[in-house]
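Read through the structure below, which is laid out as structure tokens, and then see the notes.
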Amino acid sequence: MSRMGLSPITIGRIDYANAWPLFHEFEKRSTLNSYEVISRVPSDLNRMLQSAELDVSAISSFSYGQNANDYLLLPKLSVGSVGNVYSILLFLKEPIESKRPKKISVTTTSATSVNLLKIIMTMHFDCTPEYVAAEPVLESMLETSDAALIIGDSAIKASWKNHGLQVIDLGRLWHEWTGHGMTYAVVAARKEAAKAAPEAVQAVYNALVASKQYNITHLDPLIHYACSLIGGTPAYWNTYFHSLQYDFGSELQEGLKLYFRYSKQLGLLTNDVELTFFEDQSAQ
């Protein structure tokens, strides 16, 4: 879409395995005549949607919180977990129970996970380490830090190594601490795009929902693709994809609201956040 002429519509796709079930075979299910799908890491998509380079995108949940007045959430679409997420991992040189980290290297690719870590460290572990942005290479991150936060496919591959580190899954820890699920990514449309071309946004939404519904019941192609592209075993990837939730149901929404409240309480967000959804045009 030109940002108001809206042709073609531009769609941002998270370039991690955890988002594959939202986007795999999207093209087969799209009825749009003209569109462009752009694959990037979350931090790039966050910036591109905020600057109107994209019309609809999967983005970090935290980025929605920062820009909620400009966005509408697409219902029933998210990347979340109630428990283990397997791809948002904190690697520590020493067990956190015996020694709190003073310096943590953190990923540069996602705002949600970094701020989730800050919330957990401050409110759960009563710890305020220094956070240093770094490229997601475990060995180099730990050269100068006590711990490293890595997400996505890099985290998965790092978790397979026999490195003798304590590994904390932030999805599991969040659930054990709060009793809630956590939503790491959402799909949002710019309000101006939804107003200017509601039918196009609806078509994107329909295709994404159809893709998700198909993929979560036909995981074998994604499992085989993950094995060939990233490595690992079919059993690992079967567990991985079944541990993730893509429906943005009430449990995940409540967990995200709590995350936003904590973010505001700690000054990570300056504003209160409400979840505002795109209205399904086909239901009207």
Inspect all residues belonging to segment 85-92 and state whether any of them is over 30 Å from Val201 (Cα atoms), of a type outside the set (A, V, I, L, M, F, W, C) and in contact (Cβ under 8 Å) with a residue 12 or more places away in the chain. yes
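Yes or no, residue by residue, for (1) outside the structural domain of Ile216 (by TED's automatic domain parsing); (2) within 25 Å of Gln265 (Cβ to Cβ); (3) more than 14 Å from the chain's Cα centre (by Cα); (4) among the charged types (D, E, K, R):
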{"site": "Ser34", "(1), (2), (3), (4)": "no, no, yes, no"}
{"site": "Met48", "(1), (2), (3), (4)": "no, no, yes, no"}
{"site": "Ser113", "(1), (2), (3), (4)": "yes, yes, no, no"}
{"site": "Lys118", "(1), (2), (3), (4)": "yes, yes, yes, yes"}
Which of the following residues is at positive phi and either at pLDDT 95 or above or in contact with a strand residue (DSSP E or B) (Cβ under 9 Å, 6 or more places away or on another chain) (or both): Asp55, Asp44, Asp126? Asp126
Evaluate the following for Val201: is it under 19 Å from the mean Cα position of the chain (by Cα) and modelled with pLDDT of 95 or more? no
Outside the structural domain of Val273 (by TED's automatic domain parsing) and within 15 Å of the chain's Cα centre (by Cα) - does that describe any residue in segment 60-67? no
Taking helices (runs of 4 or more DSSP H) that do not extend beyond segment 142-243, which have at least 3 residues that are in contact with a strand residue (DSSP E or B) (Cβ under 9 Å, 6 or more places away or on another chain)? 152-159, 170-178, 191-196, 198-215
Tell me, yes or no, whether segment 3-23 has at least one residue that is basic (Lys, Arg), surrounded by 16 or more Cβ atoms within 10 Å (Cβ to Cβ) and without any contact (Cβ under 8 Å) to a residue 60 or more places away in the chain. yes
Sole miss for Leu72 among (1) touching a strand residue (DSSP E or B) at 6+ places or on another chain (Cβ under 6 Å); (2) surrounded by fewer than 24 Cβ atoms within 10 Å (Cβ to Cβ); (3) over 21 Å from Tyr205 (Cβ atoms) is condition (3)
Residue under question is Asp55, and the condition is that it be touching an Asp or Glu at 6+ places or on another chain (Cβ under 9 Å), surrounded by 17 or more Cβ atoms within 10 Å (Cβ to Cβ), farther than 24 Å from Asn115 by Cα and among the charged types (D, E, K, R); does it hold? yes
Which one is surrounded by the most Cβ atoms within 10 Å (Cβ to Cβ) among residues in segment 115-136 that are of a type outside the set (D, E, K, R) and out of contact with any helix residue (DSSP H, G or I) (no Cβ under 8 Å at 6 or more places or on another chain)? Met121
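The values are calculated or read from the model by the stated rules, or taken from the named source; none is laboratory data. None of the values given here were measured: they were computed from a predicted structure. Because the Cβ atoms are built from the backbone with ideal geometry, glycine has one as well, and the counts that use them run over all protein chains shown.
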